[in-house]
Amino acid sequence: MTFTPPKVRLPDAYAELSCRYAYDGDQRMAQLAAWAGDVHVLEELLWENGLAQAPDPLAALAAVGESVALALEELAQDLPDGPLTARAVVEAAREALVTTFDESVHGLLVDRFGDLSQLDEAPSDQARAGAGPDREARLAARLAGRSADALVGDLRTTAADCATMAGLLAADGEPEAAGRLSRQADTAAFEAYLVAAAVRAGDDPLATVDLRWDLADRGERGDRGRLLAVLGAAERDALARLLEPEPEPEPAPEPAP
């Protein structure tokens, strides 16, 4: 499968999404998008400095993530009592991320972090202040009474079934119907990947699933490219291996002699 790298860097895309959430009055997701941008700043730096040559880049990235998570846990114990502003939370998380690594790379990380001024700005009117969706309702609708693991299993089954039907339709000379089912297979596989990744990260509300879907829905490319473009390089390769093969079109008939 050929994949064209995204034109927009993921840190920049998440910064834009953070501004959109903040404008809509959803400060929680604005924070999360800003933090996702910071994580991709780190991944970019790691990728530029040899992560791609690791035997298993995704496992190496996960190990780095565990170190950052431990730093965040220590940070949480040292935070002052009382409420913190949205910006202060992200700035504290940035400090924990940076101090996980050797001092020689601190400046490289800090210089690439995006602006957080959107977290200081309140919505311009009361209508937008109440515009944030009910995350609990979205989670309940997504799970539909299932556990997250059961949802992943159901989605993977759906992806395989849709891919099988797409192959049959392509063989029967129905490329448009085959294409629709192939895209449904990709959508189910992508959702399964996002939910499984959220569970591994301890994201019980599955907020990162909504976050990454929102980014995908703002993408410029269609089909698989749009989905793959919202993931970092290591995750992108992992998802590409999980996607079902695209249906082969019916071969053209041999010309008459």
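Brief remarks follow.
- Taking the range 168-186 as the range and being outside any loop (DSSP other than H, G, I, E, B) and surrounded by fewer than 19 Cβ atoms within 10 Å (Cβ to Cβ) as the test, the residues that pass are 168, 171, 175, 176, 177, 179, 180, 183, 184.
- Restricting the range 68-109 to residues that are assigned to a loop (DSSP other than H, G, I, E, B) and of a type in the set (S, T, N, Q), the residue that is modelled with the highest pLDDT is 100.
- Selection from the range 204-257 of residues that are modelled with pLDDT under 85, surrounded by 19 or more Cβ atoms within 10 Å (Cβ to Cβ) and touching a Pro at 6+ places or on another chain (Cβ under 7 Å): 234
- Hits in the range 220-230 (condition: in contact with a helix residue (DSSP H, G or I) (Cβ under 7 Å, 6 or more places away or on another chain) and in contact (Cβ under 8 Å) with a residue 24 or more places away in the chain): 223, 224, 227, 228, 230
- Residue 188 vs. criteria closer than 23 Å to residue 65 by Cβ and either of a type in the set (A, V, I, L, M, F, W, C) or without any contact (Cβ under 8 Å) to a residue 40 or more places away in the chain (or both): no
The values are calculated or read from the model by the stated rules, or taken from the named source; none is laboratory data. Just so it is clear, the model here is predicted, and its values are computed rather than measured. Every residue, glycine as well, gets a Cβ built from its backbone with ideal geometry; the counts of neighbours run over all protein chains shown.
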